[in-house]
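As structure tokens, the structure follows; a few thoughts come after it.
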Amino acid sequence: MKSGFISLIGRTNAGKSSIINSLLDEKITLVSHKQNATRRKISAIVMYKDNQLIFIDTPGLHKSDAILNQLMIQSAIKSIADCDLIVFVASIYDDMQNYQDFLKLNPKTPHIIVLNKVDLCDNASLLKKLDEYNLFKEQFQALIPFSCKKKAYKKILLDEICKYLPEHEYFFDPEFITNSNEKEIYRDFILESLYENFSDELPYSSEVIITRFKEEAQILFIDANIITNTNSHKAMLIGKNGASIKRLGKDAREKIQKLANKKVMLKLFVQVKKDWQKDQDFIKKAILND
Ligand SMILES: Nc1nc2c(ncn2[C@@H]2O[C@H](COP(=O)(O)OP(=O)(O)OP(=O)(O)O)[C@@H](O)[C@H]2O)c(=O)[nH]1
Ligand SMILES: [Mg+2]
């Protein structure tokens, strides 16, 4: 019996959060085609052949001067010191420079590379990419092609990861699929719906704070504030006759309901908090949960 912690790290959009959902066979992390989607860590507990693999999803690495983004990156980097194995995730299209930047962080924990989204390329380009990574083969333990769209890759990756985990009793009840607070997971589902329903800057200038969370046998009550930084953003979030926020609430409620497996009453409110993205204390306490 092996048990251990695995941090997924890599460039934004590489597919870290998607890989977690695909290994767990359950949707618990926020996925978006937009950049810098994940803002805080979420864990997933995957049981595989008598072993317990605890995956930590982290915000994507990218360059930015914004305080929120810098703190997100710091939080991701911190997680690489705190695990048994690092999985560096790159999409088939990502530049090698991302991996070289990761190596500059001088990770002390061993790492493997997962080359994701191989469903999008032909064999020749895959082989070319593998050759590029193999120039660094002294640095990594394994290089594994992967696709979240194809189940066949899953077993190979899980078998490989197990090699690097210590013999240890389970850290968590094997019935659990996460040790993150479920409130945080539902919060991210609302944020994911924000990414899906609104264009460009609006999701980035907004955040979700759950203000009430009450679970009864048949029904889950959630109230959440959507914090945004200007009155015009507030108006856009609400929409004409409340149409936009209604659609957002419906989308998010359906996602939460699916995971919670019970009826959900979700109430959303919009609150303006000017320049919240520059408020370091607020970000550390209320946004990153680090
Ligand atoms: N075709 C294909 N698309 C994928 C695959 N994995 C992820 N994607 C897509 O890639 C986009 C980014 O996925 P995420 O899982 O949110 O990426 P991430 O690395 O967590 O991104 P950040 O949270 O911003 O760091 C989404 O649109 C996913 O649907 C894959 O194996 N194949
Ligand atoms: Mg992510």
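The values are calculated or read from the model by the stated rules, or taken from the named source; none is laboratory data. Small disclaimer: the values here were computed from a predicted structure and weren't measured. Cβ sites come from the backbone with ideal geometry, for glycine too, and all protein chains shown count toward neighbours. The area values use the complete protein model at the heavy-atom level, side chains included, leaving out ligands, DNA and RNA. Shrake-Rupley method; radii C 1.70, N 1.55, O 1.52, S 1.80 Å.
Summary table below
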read-out	value
Average accessible area per residue (Å²) across the stretch 138-209 - probe 1.4 Å, nucleic acids and ligands excluded	52 Å²
18 Å Cα-Cα reach of LYS41 towards lysines, excluding residues that sit fewer than 8 places from it in its own chain	LYS16, LYS27, LYS78, LYS183, LYS284, LYS285
Rounded to whole Hz, the Karplus (6.51, -1.76, 1.60) HN-Hα couplings of the stretch 167-184, x for glycine and proline	5, 6, 5, 4, 7, 10, 4, x, 6, 6, 9, 7, 10, 6, 5, 4, 4, 5
At 1.567 mPa s and 4 °C, Stokes D of the stretch 1-80 from Kirkwood alpha-carbon radius, µm² per second	100 µm²/s
Charge-dipole axis of the chain as Lys and Arg at +1 and Asp and Glu at -1 on Cβ define it, positive-most pick from VAL264, ILE73, PHE88	VAL264
Cα-based equivalent ellipsoid of the chain: semi-axis lengths in Å, sorted from largest, via gyration tensor	33, 22, 18
ARG11 accessible area, assembled protein chains, probe 1.4 Å, Å²	70 Å²
Given LYS154/LYS258; LYS129/LYS163; LYS108/LYS154; LYS34/LYS274; LYS104/LYS234, the pairs whose alpha carbons are separated by over 31 Å	LYS104/LYS234
Probe 1.4 Å, accessible area per residue of the stretch 40-115, Å²	38 Å²
q = 0.10, 0.15, 0.24 Å⁻¹, the stretch 201-290: log10 I(q)/I(0) [Debye, one scatterer per Cα]	-0.29, -0.63, -1.20
Pairs of Cα atoms farther than 19 Å apart, the stretch 237-290, %	52 percent
Net charge, ILE227 excluded, C-beta distance under 9 Å - Lys, Arg +1, Asp, Glu -1	0
Percent accessible area from carbon and sulfur atoms, the stretch 172-275, protein chains only, probe 1.4 Å	50 percent
Rounded to 5, percent antiparallel among DSSP beta bridges of the stretch 3-163	25 percent
The chain: antiparallel DSSP beta bridges as a percent of all, rounded to 5	35 percent
